[in-house]
Each structure stands twice: as C-alpha cells, then as structure tokens.
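In what follows, a single structure is set out as structure tokens and then discussed.
The values are calculated or read from the model by the stated rules, or taken from the named source; none is laboratory data. Small disclaimer: the values here were computed from a predicted structure and weren't measured. Virtual Cβ from ideal backbone geometry, glycine too; neighbours counted across all protein chains shown. Side chains included, ligands, DNA and RNA excluded: accessible areas come from the protein's heavy atoms. Shrake-Rupley method; radii C 1.70, N 1.55, O 1.52, S 1.80 Å.
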Amino acid sequence: MIAAIALFAGTLLLSLWAAGRVKSVYAKYSEVPAASGETGAEVAAQILDRAGIRNVEIVAHDEMLGDHYDPIHKRLVLSTQNYHGTSCAALGVAAHECGHAIQDKLAYGPLRWRMAAVGATTFANQIVLWLPLIGMFTGLIQPMTGALVMAIAWGVIMVFNLITLPVEFDASRRAKQILAGMGHVATSDQMTAVKKVLDAAAWTYVAAFITSLAYLIWHLLPLLMGRREE
C-alpha cells in the first residue's frame, strides 16, 4: 500500500513540476520581444509558405498553451496568446507547431506511428481509468488477470509516449533552426528564450513517458514474481 501511494505521489509530483515549469518559463519569456515584431500567426504562415505547405489552416484557440497541429484536419491551432503574441515564447511555440506540419508533409516516421497508435492509446487510457474501479467495487476481476490487463494497457500508453518523444524533439529542433534562419530571432538572448520555452515543454512529454513506464513496471512485477514462484 505504501509503495502504491509512493508511486502515485511521485509520478503526480513529476507531472505537476513539468507543467508548472512550462507555465513559469513561458510567462517569463512572453515578456521578451522577438526581433521581427510579427505575431505567432504571421510567422507560422511564413514558415508554412516557405515549406510549400498551403493546405494548413491557422486558427486561434482560447485555451492557454493548448497549441497543437491536427494532421487529420490540416489545422494548426495556436492559443490566443501565441496567435497574436510577438514574444520569443509565442514565436517559439508557433514554429514548433509548424515543425509538426513539416513532419506531416515529409511523412516523418514517428509522427505516422503516433497517429496510427492514437485509437489504441485512447482505449488503453479508458482501461487504466476504469478497470481498477470495476475490480474494486465488483470483485469480479482476479488480481493476476487485472495486473495482466493493466500491464498491457500501460504498455500501449508507454509505447505511445515513447514515440512522442522524437516527434516533439524533432519539431523543436526544426523550430529553432527555422526561426534563426528566417531572422525572426536575431540575438543569442532571443534564441536562448526560444530554446528554454521549447525545452521546458519537452519535459512534459518526458514526464508522461516516465509515468507510463513506472506504472507498466508496477503492474508487471506481480506477474513476473508469480511466475518465479511457480
């Protein structure tokens, strides 16, 4: 019981730390203006045009840091702060999402794999959410059976999070190169601001991977120990 509480508390604290760091770093570098003086939406449009991508719509969204690229509907979604913002933080996030659009155009392998795994991962997330409650309140699920199903579900989530890492790191790498190459960030301080924002965001994906790996190992242990006893 103590180990389970420690696992939950440890992974929760890691996730909270990563999310808090993103917000604090983003807030800090939202005060640093970029050299071009252009908005995130304008920069994103220029990056996409330069990459020969003209079938992607750029839209604003009210959710703070809810920025993402939708490869199914060919839509680049920027939070209002980044859509209209002219800071290094806004441009860094906008360029990062453009990195995903470029990956999509180039048929970047890890992005394709992640897209293919979305359905299975969504199902796995439902399993890890509801199976413990069903087992607790009905008693219909044997402990070893439950551990096996949970291990499989967490394994799917872990693989999805693992695939996500190169997708995100590659998009950030592209963003830094593009912003510097197009002159949107002109000084080392501005580039440092972009780098720190994107690196902080990357930690949320690392935290998600570590969490899923920890829960996978947690549910695998009783299965492995049971086989050893046999």
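Residues to consider are Ile163, Ile217; find the one that is under 28 Å from Asn125 (Cα atoms), without any contact (Cβ under 8 Å) to a residue 60 or more places away in the chain and surrounded by fewer than 16 Cβ atoms within 10 Å (Cβ to Cβ).
Ile217 is the lone residue from the list that is under 28 Å from Asn125 (Cα atoms), without any contact (Cβ under 8 Å) to a residue 60 or more places away in the chain and surrounded by fewer than 16 Cβ atoms within 10 Å (Cβ to Cβ).
What single numbered condition from (1) among the aliphatic types (A, V, I, L, M); (2) at pLDDT 95 or above; (3) touching a Leu at 6+ places or on another chain (Cβ under 8 Å); (4) not in a strand (DSSP E or B) fails to hold for Leu76?
Single failed check for Leu76: (4).
Given Asp67, Asp62, which one is among the acidic types (Asp, Glu) and crowded, with 16+ Cβ neighbours inside 10 Å?
Asp67
Report, by residue number, each residue of region 172-205 that is open to solvent by 30 Å² or more (accessible area, probe 1.4 Å) and of a type in the set (A, V, I, L, M, F, W, C).
Ile178, Ala180, Met182, Ala186, Met191, Ala201, Trp203
Can you confirm whether region 30-38 contains a residue that is of a type in the set (D, E, K, R) and open to solvent by less than 70 Å² (accessible area, probe 1.4 Å)?
So far as region 30-38 goes, yes, one or more of its residues are of a type in the set (D, E, K, R) and open to solvent by less than 70 Å² (accessible area, probe 1.4 Å).
What's the number of the only condition in (1) among the aliphatic types (A, V, I, L, M); (2) open to solvent by less than 50 Å² (accessible area, probe 1.4 Å); (3) without any contact (Cβ under 8 Å) to a residue 40 or more places away in the chain; (4) farther than 25 Å from Arg21 by Cα that Leu223 fails to meet?
Answer for Leu223: the failing condition is (3).
Right, Asn125: on the phi < 0 side of the Ramachandran plot, open to solvent by 10 Å² or more (accessible area, probe 1.4 Å) and among the polar types (S, T, N, Q) or not?
yes
Go through region 177-190 and report how many residues are in contact (Cβ under 8 Å) with a residue 40 or more places away in the chain and within 21 Å of Glu42 (Cβ to Cβ).
Number of matching residues: 9.
Hey, among Asp70, Asp62, which residue is modelled with pLDDT of 95 or more and of a type in the set (Asp, Glu)?
Residue meeting the stated conditions: Asp70.
If only one of Ala27, Ala44, Ala3 is modelled with pLDDT of 95 or more, open to solvent by 30 Å² or more (accessible area, probe 1.4 Å) and not in a strand (DSSP E or B), which one is it?
Numbers: Ala44 fails: open to solvent by 30 Å² or more (accessible area, probe 1.4 Å); Ala3 fails: modelled with pLDDT of 95 or more.
None of the others qualify; the one that does is Ala27.
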